[in-house]
Amino acid sequence: MEKLLLAVKADRSERALLLQDNDPRVLLSLLRNPRITVDEVVRAAKSSFLTFQIAEAIMNAAQWMSSLDVRLALIHNPKTPQAFALRILPTLPESEVRAIARGGTNMALKQAAVRRLQGK
């Protein structure tokens, strides 16, 4: 409980430590911190502790989704829900879509990337 309260008001060094926490509730609380940076959101999006709720919080924040790094972190994280990854795909540069079409491990995402490239 203490970490959850700290996460919302943590400074940069505290946020760095909390980003390594294995409790998804801590990551979700960190995303509510008004001082969180895009780089820290990228780290949260890459986390092996990513949950639906964390991915949804990131997806619903326009200021974070405007960052290509955040979108790439989400789309390459196998824990990102497939529906979210499919929503991100059309926003990526063609070079990234090609990379996903060639080597993606998520078959539905790979097929969507191939279809997007064929449609161009």
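Some observations on this one:
- Where Ala55 falls short, out of the listed (1) under 22 Å from Leu30 (Cα atoms); (2) at pLDDT below 95: (2)
- The C-beta contact set for the range 1-21 (first residue within 18 Å of Val38 (Cα to Cα), second residue acidic (Asp, Glu), distance under 9 angstrom, 6+ apart or interchain) comprises Ala7/Glu14; Ala7/Asp21; Arg12/Glu40; Arg15/Glu40; Ala16/Glu40; Leu19/Glu40.
- Test: residue in the range 54-73 that is assigned to a loop (DSSP other than H, G, I, E, B) and buried (at least 18 other Cβ atoms within 10 Å of the Cβ): no
- Qualifying residue in the range 76-94 (condition: at pLDDT below 95 and touching an Asp or Glu at 6+ places or on another chain (Cβ under 8 Å)): no
- Which numbered condition Ala101 misses (of (1) touching a helix residue (DSSP H, G or I) at 6+ places or on another chain (Cβ under 6 Å); (2) of a type in the set (Gly, Ala, Ser); (3) touching a residue at least 24 places away in the same chain (Cβ under 8 Å)): (3)
- Filter result for Leu74 (of a type outside the set (Gly, Ala, Ser) and closer than 25 Å to Glu2 by Cβ): no
- Of the residues making up the range 32-45, one or more are of a type outside the set (A, V, I, L, M, F, W, C), under 11 Å from the mean Cα position of the chain (by Cα) and surrounded by 14 or more Cβ atoms within 10 Å (Cβ to Cβ).
The values are calculated or read from the model by the stated rules, or taken from the named source; none is laboratory data. Since we're looking at a predicted model, the values are computed, not measured. Here Cβ is always computed from backbone atoms with ideal geometry, including for glycine, and neighbour counts include all displayed protein chains.
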